[in-house]
Amino acid sequence: MADGSVFLRRELMIRFVRAFYRNTLETELDRIPIEMRPRQGGSSRCCIYRDRAVIKYRLMSLLGFSCEEERDEARTLADYYREAVTREKPVNIAEGLPLSVCEAGCSECPSAKVVITGNCRGCFSRPCMYNCPRGAISVVNQVSVIDYSKCINCGKCVAVCPFRAIVKTTVPCEEACPTGAIHKDSDGHTRICVEKCISCGNCFAKCPFSAILERSQLLDVLRSLQRKEKVVALIAPAAASQIHGSLEQLFTAVSRLGFADVLEVALGAEETTAHEAEEFREKMNNGAKLMTTSCCPAYVELVRKFLPDFMQFVSTTPSPMIFASELARKSLPGCKVVFIGPCVAKRMEAARKNIDFVLSFEELFAMFAGQGIDLMDCEPWPIARPAGLAARNFARSCGVTEAVLQELGGFKDGFKLDAKAINGIDKKTVAMLKLYAAGKLPANFLEVMSCPGGCVNGPCSLKK
Amino acid sequence: MKKMQLEICCGTTCYMLGANRLLNIENEMPSHLRSHAVVKASACLGLCGNRDLAGAPYVKLNGEVIGEATPEKIFSRMQALLEE
């Protein structure tokens, strides 16, 4: 789906990076909202002033601040910038959230409800009225009318109307959130509940106003590279599906940005596979009934916050990112590592697991755009130790299962790997997981991926 | 008749701002236009320059620059060229 809000986000990133490389970010930041929405030009919302406000908050979040942190509305972006460049490390989000709500951008969509549209013909059979379990529908002046004091939003009338004249409206972020973490406060402003949010990024991806923002570490990475620190880029396996060039060309492009080394996270995935297979074998031989994967951080967070009894089944094997960072630190002691991928939840996992930075693919490509690096012009990078195909497939749903199956190779022990996969965490699959946690185990190996199709369709993927 | 040359800029900026979708434009192209066109991906055309980002993605049709390119915009320009 082509999407204007995605393009706005990317354009801002590119402007931000270009200004940084020109060494004029501090003076340019406050000009960007006005340059992008000049008085003579059009607006994408009600007026250019609202657009400018939204752009300001987006820039704040690119500097690493969350909109909720704003205490002084008159504070300039240049001032935020001056604060940002004094910090040694990116803002710590380990116990907070990588996401924030931009109030100026949020449309504060009215709560989901059932609405009878003008297409109602006031028919004689009136299935809406007869099928309503609460008697909330009556016919007044030849059209159906809902009594909202009785309506429970069940949607039965929507399903039975022969004219499709009844619709159920929706709030995209609330509908997309698998855990009910997004709600409106008493003033009608959208809020993300820290206790419930699993950082899956569904709201970020689904809001048509693009009002959910990521707290970026782009500036921290740019500054670290500028200071000539040794930074190693860890490229998530989802990259291969995103780019218009080869993985080898991507590596060359990344190294041109000034990274000391580039590593495939898939190398870490090889170790994850080996450990996961061993852990599975050991657990099954000890009589365990189930083991689930643990490489998707949004899933692990879901279990931690909502299904604590299920945690015993989650594998304790570290994720590919962790193994890859160990490889990087071994080959280049004292280096900093940055994970680059399509994932929002990785920002949270990284903050807890001593990974220095996380960038999204979009941010990486904004850096390329800022430096005028084109993938198609890059020589292929000689990858010293290419990862195996199974490890590179970790980014696709069922990829982990296949890799573990391959690793186990035949079954010499007294058990068989019986796999099931949850391909995308939504309200339905959360309910399923609750059933599993209550004892209705589906198989003995369960792979869970928060994004449908796997990481390749992550919220910050480039394919949009 | 000589075929129309449509070059799609695949520089990183244009790619991020929509050119990746334009690469499949032939599939969407009305058949009477398709038979008169050659589509190719081009290296960076150098148009997004320093500040004129807002025009990306760019394409060139017979050498003529089209900014903020969308399939509809490209098709209508192609139609006009065809009728000339």
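Condition first: more than 14 Å from chain B (Cβ to nearest Cβ) and either loosely packed, with under 14 Cβ neighbours inside 10 Å or free of Cβ contacts under 8 Å to residues at least 12 places away in the same chain (or both). Can you find one or more residues in region A:4-16 that meet it?
no
Considering every residue within region B:71-78, establish whether at least one is away from every other protein chain (no Cβ under 14 Å), hydroxyl-bearing (Ser, Thr, Tyr), more than 13 Å from the chain's Cα centre (by Cα) and surrounded by fewer than 17 Cβ atoms within 10 Å (Cβ to Cβ).
Checked region B:71-78: no residue is away from every other protein chain (no Cβ under 14 Å), hydroxyl-bearing (Ser, Thr, Tyr), more than 13 Å from the chain's Cα centre (by Cα) and surrounded by fewer than 17 Cβ atoms within 10 Å (Cβ to Cβ).
Might you let me know whether region A:265-280 holds any residue that is without any contact (Cβ under 8 Å) to a residue 12 or more places away in the chain and either surrounded by fewer than 18 Cβ atoms within 10 Å (Cβ to Cβ) or not polar (S, T, N, Q) (or both)? Outline the logic, then answer.
Filtering region A:265-280 for residues without any contact (Cβ under 8 Å) to a residue 12 or more places away in the chain gives A:278.
After this cut, where a residue has to be either surrounded by fewer than 18 Cβ atoms within 10 Å (Cβ to Cβ) or not polar (S, T, N, Q) (or both) as well, the list is A:278.
Yes, region A:265-280 has at least one match.
Restricting attention to region A:364-395, which residues are of a type outside the set (Val, Ile, Thr), surrounded by fewer than 16 Cβ atoms within 10 Å (Cβ to Cβ) and in contact with an Asp or Glu (Cβ under 7 Å, 6 or more places away or on another chain)?
Result: A:Pro380, A:Gly388.
Starting from region B:9-20, keep only residues that are within 7 Å of chain A (Cβ to nearest Cβ), then list their pairs with residues that are of a type in the set (S, T, N, Q) and surrounded by fewer than 24 Cβ atoms within 10 Å (Cβ to Cβ) whose Cβ atoms are within a distance under 9 Å, requiring at least 6 positions of separation or different chains.
B:Cys10/B:Asn20; B:Cys10/B:Ser42; B:Gly11/B:Ser42; B:Thr12/A:Gln371; B:Gly18/B:Thr70
A:Ala269 versus (1) closer than 26 Å to B:Leu23 by Cα; (2) part of a helix (DSSP H, G or I): which is the lone unmet condition?
Every listed condition holds for A:Ala269 apart from (1).
Quick one: how many residues across region B:21-48 are within 12 Å of chain A (Cβ to nearest Cβ) and polar (S, T, N, Q)?
Looking only at that region, the number is 2.
Any residue in region A:355-382 that is more than 11 Å from every other protein chain (Cβ to nearest Cβ) sitting within a Cβ distance under 8 Å of a residue that is among the aromatic types (Phe, Trp, Tyr) and not in a helix (DSSP H, G or I)? List the pairs, counting only those 6 or more apart or interchain.
Close Cβ pairs satisfying both conditions: A:Ile355/A:Phe339; A:Phe357/A:Phe339; A:Val358/A:Phe339; A:Leu359/A:Phe339.
Inside region A:178-196, can you point out the residues that are farther than 18 Å from A:Ile425 by Cα and touching a Cys at 6+ places or on another chain (Cβ under 8 Å)?
The answer is A:His183, A:His189, A:Thr190.
Give the number of residues within region A:443-464 that are part of a loop (DSSP other than H, G, I, E, B) and more than 18 Å from A:Val300 (Cα to Cα).
6
Show me the strands (runs of 3 or more DSSP E) found entirely inside region A:309-427 where at least 3 residues are at pLDDT below 95.
Ranges flagged: A:419-423.
So, of the residues in region A:57-112 that are hydrophobic (A, V, I, L, M, F, W, C) and free of Cβ contacts under 8 Å to residues at least 40 places away in the same chain, which turns out to be nearest to A:Val17 (Cα to Cα)?
Ranking the candidates gives A:Met60 first.
The values are calculated or read from the model by the stated rules, or taken from the named source; none is laboratory data. Quantities reported herein were computed from a predicted structural model and do not represent experimental measurements. We place every Cβ from the backbone using ideal geometry, glycine too, and count neighbours over all the protein chains shown.
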